[in-house]
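The values are calculated or read from the model by the stated rules, or taken from the named source; none is laboratory data. Since the structure is predicted, the reported quantities are computational estimates derived from the model, not experimental observations. Using ideal geometry, Cβ is built from the backbone for each residue, glycine included, and neighbour counts are taken over all protein chains shown.
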Amino acid sequence: MALRRMLGFSDGELMRSDAKPCSRLMRQTAGIFTVGGGLGFWILCRLHYGPRITVPRSLRWAACGAISTSTTTALLVRLFSPECEPQNIAAYDQKK
């Protein structure tokens, strides 16, 4: 699924064996951006609604921000990271 090969950024070689596998890289990136997206959208909600803010509304904004940013960054990692090229997934990602 990586776009690096189609865009000409990939030479098709395997990465080093001590690098992080694609699945772990995606999971860690999504986890970090879940927290950041939740906080960021919560702040945007507070700025947008001002004194009319309610708790359910701010929680809804925070949840939507967390979900949207984590899935977007995980997709971008999957598309553009060299660890997520097909030959590296086949060689280093372990299926459980």
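Considering region 1-53, and only residues there that are part of a loop (DSSP other than H, G, I, E, B) and of a type in the set (Lys, Arg), the residue that is farthest from CYS84 (Cα to Cα) turns out to be ARG16.
Among residues belonging to region 29-38 that are hydrophobic (A, V, I, L, M, F, W, C) and surrounded by 14 or more Cβ atoms within 10 Å (Cβ to Cβ), point out the one that is farthest from ILE89 (Cα to Cα).
Taking region 29-38 first, the residues hydrophobic (A, V, I, L, M, F, W, C) are 30, 32-33, 35.
Now restrict to residues that are surrounded by 14 or more Cβ atoms within 10 Å (Cβ to Cβ): 30, 33.
Details: ALA30: 18, PHE33: 23 Å.
In this case the residue turns out to be PHE33.
Residues in region 43-76 that are over 24 Å from CYS22 (Cα atoms), surrounded by fewer than 18 Cβ atoms within 10 Å (Cβ to Cβ) and either of a type in the set (A, V, I, L, M, F, W, C) or in contact with a strand residue (DSSP E or B) (Cβ under 6 Å, 6 or more places away or on another chain) (or both): ILE43, LEU44, LEU47, ILE53, VAL55, LEU59, ALA63, CYS64.
Give the residues of region 54-96 that are part of a helix (DSSP H, G or I), within 12 Å of the chain's Cα centre (by Cα) and in contact (Cβ under 8 Å) with a residue 60 or more places away in the chain, sorted by residue number. Spell out how you get there, then give the answer.
So in region 54-96, the residues part of a helix (DSSP H, G or I) come out as 55-80, 82-84, 86-92.
Pick out the ones that are also within 12 Å of the chain's Cα centre (by Cα) and you get 66-80.
Listed by number, the residues that qualify are ARG78, LEU79, PHE80.
Here is the figure for region 25-54: residues that are touching a Lys or Arg at 6+ places or on another chain (Cβ under 7 Å) and more than 19 Å from ILE67 (Cβ to Cβ) total 2. Applying a threshold of 6 Å to beta carbon distances and a minimum spacing of six or more residues, or different chains, the list of pairs starting in region 6-23 at a residue that is modelled with pLDDT of 70 or more and ending at one that is surrounded by 10 or more Cβ atoms within 10 Å (Cβ to Cβ) and hydroxyl-bearing (Ser, Thr, Tyr) reads PRO21/TYR92.
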